[in-house]
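Read through the structure below, which is laid out as structure tokens, and then see the notes.
The values are calculated or read from the model by the stated rules, or taken from the named source; none is laboratory data. Because the structure is predicted, anything quoted here is derived from the model rather than measured. Ideal geometry is used to build each Cβ from the backbone, glycine not excepted, and the neighbour counts take in all protein chains shown. These area figures cover heavy atoms from the full protein model, side chains too; ligands, DNA and RNA do not enter into them. Shrake-Rupley method; radii C 1.70, N 1.55, O 1.52, S 1.80 Å.
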Amino acid sequence: MTTQRNFKTQVRARMQQTGVNYTTARMELLKEYEEQHQSARKEAYQEHQTIVSRFFKDGAMTVIPSKRRTRAHILLYLINYFQRGQTYTEQEVNHILNELWSDFAYLRRELVDYGYLERNTHGEYWLTAFSPERWGTVLHDEAPAWEFYWLPDYLNGQEKQVDFFGTL
């Protein structure tokens, strides 16, 4: 039984509208929510793919986006070049990013600033274990919707890499 008071209210309203029992009304609402979630996920994926594809050609970046929101999409895509649970030296990170863009130091700093990569004082880097907390930060409005849908599952190993260009 759900403890969310608002959801219970919605279920009861559905019961009155349709005349079905509580279980059926609840199931219908949950199904609608799941469909809405899947639709929003698909839209977020399509937006992410469209934006990223504008800035890559032959597996390399053609330009760094000037808008932070667009740049966040690029950085989110760059996560795919790093393996979960693996630690990288700064030189290894530089090498990976240099294949994509000549100013690899800028990309490395941005990945850390956006919370996608973490580092220690010994110059070791790794993918964050959890999605960065965006609420109440300047990055909240700039984070791509795809981050919300894809990143938590990717970091937990439940989602695969997103390879738009066949270069991973």
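Just wondering, is there one or more residues in region 100-112 that are more than 20 Å from Lys67 (Cα to Cα) and either among the aromatic types (Phe, Trp, Tyr) or touching a Ser or Thr at 6+ places or on another chain (Cβ under 7 Å) (or both)? First the steps, then the outcome.
Applying the first criterion (more than 20 Å from Lys67 (Cα to Cα)) to region 100-112 yields none.
Within region 100-112, not a single residue is more than 20 Å from Lys67 (Cα to Cα) and either among the aromatic types (Phe, Trp, Tyr) or touching a Ser or Thr at 6+ places or on another chain (Cβ under 7 Å) (or both).
All but one of (1) loosely packed, with under 15 Cβ neighbours inside 10 Å; (2) of a type in the set (Val, Ile, Thr); (3) not in a loop (DSSP other than H, G, I, E, B) hold for Val138; which doesn't?
Just one mismatch for Val138, condition (3).
Of the residues Glu147, Glu99, only one is among the acidic types (Asp, Glu), within 22 Å of Phe55 (Cα to Cα) and crowded, with 16+ Cβ neighbours inside 10 Å; which? If you could, list the steps in order and put the result at the bottom.
Values: Glu99 fails: crowded, with 16+ Cβ neighbours inside 10 Å.
One residue alone meets the criteria, Glu147.
Each row is one residue, and each column tells you yes or no for (1) out of contact with any strand residue (DSSP E or B) (no Cβ under 9 Å at 6 or more places or on another chain); (2) open to solvent by 70 Å² or more (accessible area, probe 1.4 Å); (3) over 24 Å from Thr62 (Cα atoms); (4) among the polar types (S, T, N, Q).
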| site | (1), (2), (3), (4) |
| --- | --- |
| Glu118 | no, yes, yes, no |
| Glu133 | yes, yes, yes, no |
| Glu142 | yes, no, no, no |
| Leu155 | no, no, yes, no |
| Asp163 | yes, no, no, no |
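Do we have any residue at all in region 26-44 that's of a type in the set (Lys, Arg), more than 30 Å from Asn120 (Cβ to Cβ) and touching a residue at least 40 places away in the same chain (Cβ under 8 Å)? Show your work before the answer.
So in region 26-44, the residues of a type in the set (Lys, Arg) come out as 26, 31, 41-42.
This time we only want the ones that are more than 30 Å from Asn120 (Cβ to Cβ), so: 26, 31, 41-42.
If we keep only those that are touching a residue at least 40 places away in the same chain (Cβ under 8 Å) too, we end up with 41.
There is at least one residue in region 26-44 that is of a type in the set (Lys, Arg), more than 30 Å from Asn120 (Cβ to Cβ) and touching a residue at least 40 places away in the same chain (Cβ under 8 Å).
Of the residues that sit in region 94-116 and are of a type in the set (D, E, K, R) and touching a residue at least 24 places away in the same chain (Cβ under 8 Å), which one is farthest from Ile79 (Cα to Cα)? Don't jump to the end; show me each part of the working.
Going through region 94-116, the residues of a type in the set (D, E, K, R) turn out to be 99, 103, 108-110, 113.
Of the ones still in play, those that are also touching a residue at least 24 places away in the same chain (Cβ under 8 Å) are 99, 103, 110.
Values: Glu99: 14, Asp103: 17, Glu110: 12 Å.
The selected residue is Asp103.
What are the residues in region 64-86 that are modelled with pLDDT of 95 or more and exposed (fewer than 14 other Cβ atoms within 10 Å of the Cβ), if any?
Gln86
Considering only region 45-55, I want to know if a residue exists there that is under 21 Å from Pro132 (Cα atoms), of a type in the set (A, V, I, L, M), open to solvent by less than 100 Å² (accessible area, probe 1.4 Å) and in contact with a Leu (Cβ under 9 Å, 6 or more places away or on another chain).
yes
Of everything in region 69-94 that's of a type in the set (Ser, Thr, Tyr) and not in a helix (DSSP H, G or I), which residue is farthest from Tyr154 (Cα to Cα)? Outline the logic, then answer.
Of all residues in region 69-94, those of a type in the set (Ser, Thr, Tyr) come to 70, 77, 81, 87-89.
Keeping just the survivors that are not in a helix (DSSP H, G or I) gives 87-89.
On the way: Thr87: 17, Tyr88: 18, Thr89: 22 Å.
Looking at residues that are of a type in the set (Ser, Thr, Tyr) and not in a helix (DSSP H, G or I), I get Thr89.
Yes or no: region 16-24 includes at least one residue that is touching a residue at least 12 places away in the same chain (Cβ under 8 Å), open to solvent by less than 60 Å² (accessible area, probe 1.4 Å) and among the aromatic types (Phe, Trp, Tyr). Spell out how you get there, then give the answer.
So the first thing to find is which residues in region 16-24 are touching a residue at least 12 places away in the same chain (Cβ under 8 Å), and the list is none.
Looking for residues that are touching a residue at least 12 places away in the same chain (Cβ under 8 Å), open to solvent by less than 60 Å² (accessible area, probe 1.4 Å) and among the aromatic types (Phe, Trp, Tyr), one finds none in region 16-24, hence no.
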